Amino acid sequence: MAPRHGSALAACRAAGDGEAGEIVTAVDDGRGGSLVWLTDADTNLWFCSADARGSVYAYG
């Protein structure tokens, strides 16, 4: 995964309150942030949108 997603990955993990654990992938959102997909312990897929400052805009 590209280093530019590091802050977004950390923010998305923290936003999950322990539910989301494994990072599946992260891509640029075209506006300077990242779209991140994660799975939880039950392999449910979660989506998160965050920027390089660690601000989370969507999680679900």
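Any read-out appearing in this document is the output of simple, stated calculations on the displayed coordinates, not a laboratory observation. Here the structure is a predicted model, which is why all the values come from computation and not from measurement. Positions of Cβ are generated from backbone atoms using ideal geometry, with glycine treated the same way; all protein chains shown enter the neighbour counts.
Couple of notes before you dig in:
- Environment charge at S7 (Cβ cut-off 12 Å; Lys +1, Arg +1, Asp -1, Glu -1): +2
- Whole-percent P(r), the chain, all Cα pairs, 10 Å bins from 0: 28, 60, 12, 0.
- Using only side-chain charges placed at the Cβ, +1 for Lys and Arg and -1 for Asp and Glu, the dipole size of the chain relative to its Cα centre rounds to 300 debye.
- Helix 6-15 axis, angle to the chain major axis (alpha carbon atoms, nearest 10°): 40
- At full extension, W37 and R4 could sit 10.3 nm farther apart than now, given 0.36 nm per residue minus the alpha carbon distance.
- Mean separation of Cα pairs under 8 Å and 6 or more residues apart, divided by the residue count, gives the chain a relative contact order of 35 percent.
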